[in-house]
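See structure below.
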Amino acid sequence: MSNEVIYGRHPVYEALKAGTRKFKKILIAKHFEGEIVNDIIKLAREKNVPVQQVDRQHLIGYSKNHQGVAAYVSQKEYLQYELLINKVKYKPDSVVCILDEVEDPQNLGVVLRSALCFGVDGVIIQKRSAANISSGTVKASAGAIEYMPIVRVANIVQAMEGLKKEGFWIYGADMSGEDIGKSKITGKVAVVIGNESSGLRQLTRQRCDFIVRIPIVEKISSLNAAISASIIFYELNRQKRG
């Protein structure tokens, strides 16, 4: 079994609670206390996961932002594209997020957290030229990664075409688009978020059915990719709720 290290109180606790990972052991810094730390220890005992107390300095080797907790776990498994399609194709208000060369692992983590909060059914990322799952992604997602289906594909455009065949409308996020608040968005939707610096690639943009933007005060050129995704997810959820 291939292991990775995740760190932070909420990521470790949520991974334990979700039961989607196999735990080798949990490291907790000496003298670290609190309700969630106690919950981690209690849940670990229930699941027969070894808990080891270590010096705080030992955990800095994993991250300066470890919050006194780290764990050796099995790697997060990606969902197969076909399985995601089977999950969403019969849901009339499905929402899927597609990340087009988003490179920052922490941005990916924030997108996953927002996606879970606002009812997104799955996130599609690329195998190359993009952020994949890392310990930083897990930390930034604050545990959401354990519950959000993540699909990794070789070709984003082909993934978009597959969703179109299942009746999805593809919305690309770009500052040249229509105000998303004035767009009536219904049915099955896939939202495409572009690269942090260059936005949507031309070929990706051409495959979108609609281009939408978030209206901002024109003192900066654009929003961070993860923040943009969060606002769009919120707006889609708001419109679904009527």
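Read the figures in this text as sums done on the coordinates, not as results from a lab. No experiment lies behind these values; they were computed from the predicted model shown. Glycine gets a Cβ as well: all are built from the backbone with ideal geometry, and neighbour counts include every protein chain shown.
The figures follow:
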read-out: Under-5 Å amide H pairs with residue 153, H placed in peptide plane, nonlocal only; value: 125, 126, 127
read-out: Lysine pair number, Cα distance threshold 14 Å (strictly under), the stretch 3-74, separation 8 or more or different chains; value: 6
read-out: Gyration tensor verdict on the chain (Cα atoms; rounded if a/c is under 1.5, prolate if a/b is larger than b/c, oblate otherwise); value: prolate
read-out: In order through the stretch 38-50: 3J(HN,Hα) via Karplus (6.51 cos²θ - 1.76 cosθ + 1.60), integer Hz, x for Gly, Pro; value: 4, 5, 4, 5, 4, 5, 4, 5, 4, 9, 6, 9, x
read-out: Over the chain: helical MRE at 222 nm, DSSP H runs n ≥ 4 each giving -39500 (n - 2.57), nearest 500; value: -10500 deg cm²/dmol
read-out: Shape of the stretch 40-140, Cα gyration tensor, a/c cut at 1.5; value: prolate
read-out: Cut-off under 5 Å, modelled amide H: who pairs with residue 191 long-range; value: 96, 97, 98, 171
read-out: Cα-based helix-to-principal-axis angle, 225-241 vs the chain, degrees rounded to 10; value: 70 degrees
read-out: Debye, to nearest 20: dipole size of the stretch 81-241, +1 on Lys, Arg Cβ, -1 on Asp, Glu Cβ; value: 360 debye
read-out: Cα long-axis angle, helix 156-165 against the chain (0 to 90 degrees, to the nearest 10); value: 60 degrees
read-out: In Hz, Karplus ³J(HN,Hα) per residue of the stretch 181-194 (6.51, -1.76, 1.60; θ = phi - 60°; x = Gly, Pro); value: x, 9, 9, 8, 9, 9, x, 7, 10, 10, 9, 10, 10, x
read-out: Least to most buried among 241, 9, 201 (fewest other Cβ within 10 Å first); value: 241, 201, 9
read-out: Packing-based exposure ordering (other Cβ within 10 Å, fewest first) of 100, 179, 39; value: 179, 39, 100
read-out: Angle in degrees between helix 105-117 and the longest Cα principal axis of the chain, rounded to the nearest 10; value: 80 degrees
read-out: Least to most buried among 135, 114 (fewest other Cβ within 10 Å first); value: 135, 114
